[in-house]
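Beneath this line is the structure, given in structure tokens, with notes to follow.
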């Protein structure tokens, strides 16, 4: 139970390293992965899609009576954005695949990571449409507080 990694950074690195979305013409889509709130309402014109990752909340509970060992449970928000609904769907599939394949020990200090749910939050009141899916991830790690 060493040093706790930042689960948001772990998810960003996992997605950057492993995300491969193929467009209809067979070329690889240009997907930008970053922390939350980067150009969310105005997708950059030079990318096919954008994934933003942010921490929604973190809770800490005692694992033993002394309180020395604690479990931190993180709720992480992953938003997938695109002007192309097909690209968005492929990006969501990729996030699910990557998290599923790396659920146990996804990073040093992060014990577990899983997709807990998702919802579509499309913006059809703007032109061009912004297709968005928000996935909720749960992650936990253990922290040893030396007393």
Separation in nanometres of the label points that stand 7 Å from Cα toward Cβ, at residue 142 and residue 111: 0.5
Inter-label distance for residue 34 and residue 119, nm, one decimal - labels placed 7 Å from Cα along Cα-to-Cβ: 2.5
Average Cα contact separation per residue, the chain, under 8 Å, 6 or more apart, as relative contact order %: 27
Bins of 10 Å, starting at 0 and running to the largest distance - Cα pair percent for the stretch 77-122: 25, 48, 23, 5
Dimensionless Rg/Rh of the stretch 96-135 - Kirkwood Rh, Rg from C-alpha atoms: 1.22
0 to 90° range, to nearest 10: angle between helix 7-18 axis and the chain longest Cα axis: 40
Over the chain: helical MRE at 222 nm, DSSP H runs n ≥ 4 each giving -39500 (n - 2.57), nearest 500: -6500 deg cm²/dmol
Gain in span if fully extended, residue 25 to residue 57, counting 0.36 nm per residue against the direct Cα distance: 7.6 nm
Paired Rg and Dmax values of the chain, which use every Cα atom, in angstrom: 17.0, 59
Full-stretch length increase - residue 97, residue 127 - with 0.36 nm per residue and alpha-carbon distance subtracted: 7.8 nm
Modelled label reach - residue 5, point 7 Å along Cα→Cβ, the stretch 89-110 residues with backbone N closer than 19 Å: 95-110
Euclidean distance between Cα centres, the stretch 85-115 to the stretch 53-84, Å: 15
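Just so you know, all these numbers are worked out from the coordinates, no wet-lab data involved. Since we're looking at a predicted model, the values are computed, not measured. Neighbour counts are summed over all protein chains in view; Cβ atoms, including those assigned to glycine, are modelled from backbone coordinates with ideal geometry.
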